[in-house]
Amino acid sequence: MRIALIGYGNVGRALARLLERQRAAHPFQIVGIHTARHGTAYDPGSIAVQPRFGPPAASVDEFLDRAKSEIVVEITTLNPATGEPALSHIRAAFARGRHVVTANKGPIAHAYASLRDRAAEAHVHFRFESTVMDGVPIFNSVRNNLPGVKVLGFTGALNSTSKVVIGAMRDGQSMQDGVEAARRLGITEADSTYDIDGWDSAAKAAALANVLMDARVTPLDVDRRGIGRLTPERVLELTKSRKTVCLVSRARTTPSGIRLRVRAEVIDDTDVLASGEGTSNVLLLHTDLMGTIGIMGISSTVDQTAYGVFSDLVDIAGALNN
Ligand SMILES: NC(=O)c1ccc[n+]([C@@H]2O[C@H](COP(=O)([O-])OP(=O)(O)OC[C@H]3O[C@@H](n4cnc5c(N)ncnc54)[C@H](OP(=O)(O)O)[C@@H]3O)[C@@H](O)[C@H]2O)c1
């Protein structure tokens with residue numbers, strides 16, 4: 001099955017490496033890669049992990065028309081305020097009858113319902129497992145394993161960069177040291193203030209609410225405050241009383257609608273939201289029939305993000321072969 005990638009940064013390279021390793025069992029071919037500054041690559045056979053980029057396609061439309069793939073993988077930079085340009089990229093793919101997989105939470109956080117409907121009209125598959133908690137199956141688990149269950153709300157420690165930053169502060173380092181450590185892991189957004197100011201957490205909250213609760217919100221509807229004012233002194237003081245800070249995304253159903261909030265909350269060291277070192281994430285889904293369900297990813301890396309994209313590709317290939 002042929003794939004075209006829009007974006008080839010940390011996630012794109014990790015995905016290419018994974019596809020290379022899995023080729024015997026899952027023969028996907030990358031036939032086109034389009035980037036913002038590095039140019040565009042085409043090969044109807046299969047592009048190597050280290051592509052030779054040529055001049056950039058004049059537009060994503062031109063790229064999609066030339067890279068004749070069945071599936072488009074959208075993995076460009078997050079814009080939490082608008083979801084663009086990823087939203088337009090996905091619509092352009094649907095307009096050409098292409099299936100789409102994305103790890104970019106912007107489109108899901110801004111326009112999930114309309115994209116889902118557009119995909120259905122075009123009779124194509126649309127998957128986005130890696131948009132929240134990398135490859136840990138959240139959306140697929142709810143879709144496949146929880147029939148009849150209604151998600152009433154959720155509580156999540158969903159942003160890995162803030163967790164790494166707070167961990168660095170617990171070790172006496174500065175916020176900037178923590179951001180650099182997260183950047184070396186390839187997990188920060190291109191603009192790391194999106195992680196620190198809670199935009200990434202707000203986009204994930206909006207994406208979860210849109211998909212699991214049919215909320216029809218955007219990140220701008222999330223009552224958001226990040227960890228920007230946190231100091232190492234404050235973190236060390238809390239450590240002495242066995243407490244820590246966690247950037248928490250919450251959703252709850254109220255009589256006046258779904259309320260979403262992102263806050264740097266002070267929690268006990270033993271709180272489930274504080275579990276796991278480094279890049280670990282936790283999501284608690286509050287449901288009607290199943291009470292609260294906990295999902296955890298321990299020490300995820302960009303390889304797990306790539307796995308989430310890969311699992312979506314395999315899922316689509318399986319559906320098409322049936
Ligand atoms: N990294 C993670 O751990 C992780 C985890 C979950 C989800 N995600 C999401 O996955 C996506 C990709 O993350 P990443 O870490 O791979 O980002 P990245 O390293 O910053 O790479 C972004 C890629 O997108 C390309 N790009 C940006 N704007 C473009 C445009 N208008 N047209 C075509 N290409 C464009 C860039 O081109 P150039 O190479 O030319 O600059 C680059 O190749 C983001 O939406 C992020 O939120 C990432």
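The values are calculated or read from the model by the stated rules, or taken from the named source; none is laboratory data. Just so it is clear, the model here is predicted, and its values are computed rather than measured. Note: ideal-geometry Cβ built from the backbone for every residue, glycine included; neighbour counts use all protein chains shown. All accessible areas refer to the heavy atoms of the entire protein, side chains included, with ligands and DNA or RNA removed. Shrake-Rupley method; radii C 1.70, N 1.55, O 1.52, S 1.80 Å.
Structure data summary
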read-out: Sequence-distant aspartates and glutamates (8 or more away, or on other chains) whose Cα lies within less than 19 Å of K240; value: D171, E265, D268, D269, D271, E277
read-out: For the chain, accessible area per residue (1.4 Å probe, heavy atoms of protein chains only), Å²; value: 44 Å²
read-out: Carbon and sulfur %, accessible surface of the chain computed with the full protein complex present, 1.4 Å; value: 50 percent
read-out: Alpha-carbon radius of gyration plus Dmax, which is the widest Cα pair, for the range 178-295 in Å; value: 15.2, 44
read-out: DSSP bridge pairs, the chain: antiparallel proportion in percent, nearest 5; value: 65 percent
read-out: Nearest-0.05 FRET efficiency for R229 and T82, computed from C-beta distance (R0 30 Å); value: 0.70
read-out: Partners for K243 among lysines (Cα-Cα distance below 22 Å; same-chain residues under 8 apart left out); value: K163
read-out: Net length gained if the chain between D288 and R13 were fully extended (0.36 nm per residue, minus Cα distance); value: 95.0 nm
read-out: Rounded to 5, the percent of DSSP beta bridges in the range 1-143 classed as antiparallel; value: 20 percent
read-out: Cα centroid of the range 241-304 to Cα centroid of the range 54-133, whole Å; value: 28 Å
read-out: From phi via Karplus (6.51, -1.76, 1.60), per-residue ³J(HN,Hα) for the range 276-286 in Hz, x at Gly/Pro; value: x, 7, x, 8, 5, 10, 9, 10, 10, 9, 9
read-out: For the range 62-200: rounded, prolate or oblate by the Cα gyration tensor [a/c cutoff 1.5]; value: oblate
read-out: Accessible area, probe 1.4 Å, largest first, for residues D195, D303, D171; value: D171, D303, D195
read-out: Alpha carbon convex hull of the range 77-131, volume per residue in cubic angstrom; value: 61 Å³
read-out: Helical mean residue ellipticity (222 nm; -39500 (n - 2.57) per DSSP H run of 4+; nearest 500) of the chain; value: -11500 deg cm²/dmol
read-out: Using a Förster distance of 22 Å, the FRET efficiency for T254-L146 (Cβ separation, nearest 0.05); value: 0.45
read-out: Value of Rg to Rh for the chain (Rh from inverse mean 1/r over Cα pairs, i.e. Kirkwood); value: 0.97
read-out: C-alpha long axis of helix 10-21 to longest principal axis of the chain, angle in °; value: 60 degrees
